[in-house]
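The values are calculated or read from the model by the stated rules, or taken from the named source; none is laboratory data. Here the structure is a predicted model, which is why all the values come from computation and not from measurement. No Cβ is skipped: glycine too gets one built from the backbone with ideal geometry, and neighbour counts run over all protein chains shown.
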Amino acid sequence: MAIAMTTGYSAQTEGARLCIDAASDWALTCVDQLTNDSSYVLMDYGAADGGTAVGLWSQVLDRLHKRQPKAHLTLIGNDLPSNDNVALAENIAKQLGRPPNPTVLVSARSFYEPLVAPETVSFGFSATAMHWLSESPGPLNTHTHVLASDDKEALERFTAQAMKDWASVLELRSVELAVGGRLLTVNLSRDEEGRYLGHNGGVTRNVHDQLHQIWRSLADEGVISEEIYRKGTILNFYKSPEEFMAPLKDKTSAAYVNGLRLVDERTVHVPCPYRKRWNEDADTASFAEGLMATIRSWSRHSFASVAGDQTADLLYERLKQRIAASPEEWSLDYVEHHQIMERVA
């Protein structure tokens, strides 16, 4: 799967950390509801370099250790083989050196694969990861992101792939989760008004439209070919709450048959921290650099993998210039869906 976050991802994604912070109450609720045991396995699926979740895991480990001071705790960080797994290992190792001094491990395989033995995970967590598609649903010829395009046929294909992937992810996790275990997902979502990361309903510019406009201009100028233009697709999909809950409401789905049940769900909006800071200090240069960097952190690979590093760098330099020219028209606001699940059988 051709997905990779940029090196130094956590330092460039303040918003992702805030999304995780917003879910910390439900993470603690999940571990509070685990049955007493002599050992617990905690797993972070799709953790990138792990830096954005250091605070959350500190809280979770402390809470569980307070409840069960003699229990052995194991924390496993997971992301793709293409990830900076050295940084992930360093970040989860920050939980060492103090009680509860857990065992920390890295699983460097795709979260679209089985990752641990059946019925071993006590608490699973995933944040801003499961919107990535496991494979391309086919071409998107007139835009770089399907939700910002007007291509209804492509939207059907991308939706079908996203739902297939989500059903597969929940099936895998339902096997790995111990009976009585909890799974909390914090996913980039699409709310009832159609807002999603990069599109806040027109309050500011649609970030995905802006990326596409720059990408299209590179083709018009001959910097990239038409073939490369068509390949520049961000392979993710922001599902609605109903789409997230669908496999748990379908009694014939593999996850449901395996005993995975919906406990609670909510939609959470997290305002852009870079825009908030600009509103306070009016430092346009810092705003343009920071906002560009956080957009680049998750989208760069989609362009660099087909056009090369130099062309991708040109795209983001132009993006930064656009932000600096009209800072009041930019913001990257998050729409998140939180979902607690439990394996009951």
With the condition being farther than 19 Å from Leu183 by Cβ and of a type outside the set (Gly, Ala, Ser), I'd like the strands (runs of 3 or more DSSP E) fully within segment 57-137 carrying at least 1 qualifying residues. 72-78, 103-107
Confirm whether Leu18 is over 28 Å from Val179 (Cβ atoms), of a type outside the set (Lys, Arg), part of a helix (DSSP H, G or I) and modelled with pLDDT of 95 or more. no
Quick one: in segment 247-284, of everything that is aliphatic (A, V, I, L, M) and touching a strand residue (DSSP E or B) at 6+ places or on another chain (Cβ under 8 Å), which residue is surrounded by the most Cβ atoms within 10 Å (Cβ to Cβ)? Leu260
Could we say that Arg205 is under 30 Å from Gln33 (Cα atoms) and either among the charged types (D, E, K, R) or touching a strand residue (DSSP E or B) at 6+ places or on another chain (Cβ under 7 Å) (or both) here? no
Have a look at Asp37, Asp49 and point out the one that is among the acidic types (Asp, Glu), in a loop (DSSP other than H, G, I, E, B) and modelled with pLDDT under 95. Asp49
Would you check which residues across segment 162-187 are assigned to a helix (DSSP H, G or I), over 14 Å from the mean Cα position of the chain (by Cα) and over 21 Å from Val146 (Cα atoms) and list them? Ser168, Leu170, Glu171, Leu172, Arg173, Ser174, Val175, Glu176
Matching entry among Val41, Val121 (being of a type outside the set (Gly, Ala, Ser) and within 15 Å of Val169 (Cα to Cα)): Val121
Using the structure shown, decide if Arg322 is touching a helix residue (DSSP H, G or I) at 6+ places or on another chain (Cβ under 6 Å), surrounded by fewer than 22 Cβ atoms within 10 Å (Cβ to Cβ) and under 17 Å from His212 (Cβ atoms). no
Subset of segment 133-164 (residues that are in contact (Cβ under 8 Å) with a residue 40 or more places away in the chain and either surrounded by fewer than 17 Cβ atoms within 10 Å (Cβ to Cβ) or within 30 Å of Asp32 (Cα to Cα) (or both)): Glu135, Ser136, Pro139, Asn141, Met163
Please determine, by comparing only the residues of segment 62-114 that are in contact with a helix residue (DSSP H, G or I) (Cβ under 6 Å, 6 or more places away or on another chain) and small (Gly, Ala, Ser), which one is nearest to Ser39 (Cα to Cα). Gly77
